[in-house]
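K.L.:
Okay, handing you the structure first.
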Amino acid sequence: FGDGTSSGPDAGATTNHTYAEAGTYTVCLLIWTNNGCEDDICQTVLIEDPVSSNRLALPVNLTNSGTVNAEIDVVTSQTVRIMLTNSSGQTVQIQTIDLPEGQNQVPLTAESLLPGIYFVTLELANGKTITQRLFLVE
């Protein structure tokens with residue numbers, strides 16, 4: 001498999017292999033028969049890191065009497081900006097926080113906000129944004 005491992009002669013017609021890390025590997029298939037014939041073919045394969053993504057998750061509804069935790073997953077530690085915008089496009093809350101890699105709980109305060117539709121935007125350090133809709137009910 002190009003990483004120092006192989007499957008034995010009893011592997012059968014198909015076999016699976018999991019690489020420990022991303023990289024370029026040369027994978028070879030060796031074939032031989034009981035009559036002494038043999039052949040091989042090798043190909044270079046590129047194994048990439050698994051796809052991971054940043055995530056923002058909110059409850060569907062929020063009351064204006066308290067706070068709610070936004071679940072924010074980031075793939076690397078970074079400083080992010082969280083903006084709460086009303087349906088007229090006005091930013092009503094903004095906070096900048098440092099998040100460690102992984103899952104995070106960030107409180108959003110809804111006190112003093114009027115019922116309606118709001119948008120929570122997570123702006124990542126690379127400038128990309130994730131926006132979720134939030135309904136504020138009485």
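What follows draws every value from the coordinates through simple rules; no lab data is involved. This is a predicted model, so every value here is computed, not measured. A quick note on method: Cβ atoms are made from the backbone with ideal geometry, for glycine too, and the neighbour counts reach across all protein chains shown.
K.L.:
Note down the net charge around THR131, summing +1 for each Lys or Arg and -1 for each Asp or Glu among other residues with Cβ under 14 Å from its Cβ.
P.N.:
Working: positive: ARG55, ARG81, LYS128, ARG133; negative: GLU123.
Counting the neighbours of THR131, the net charge comes to +3.
K.L.:
Okay, next question. Hey, in the chain, which Cys have no second cysteine's beta-carbon closer than 4.7 Å?
P.N.:
CYS37
K.L.:
Oh, and also: For the chain, state the semi-axes of the equivalent ellipsoid (square roots of 5 times the eigenvalues of the alpha-carbon gyration tensor), sorted largest first and rounded to whole angstrom.
P.N.:
54, 15, 12
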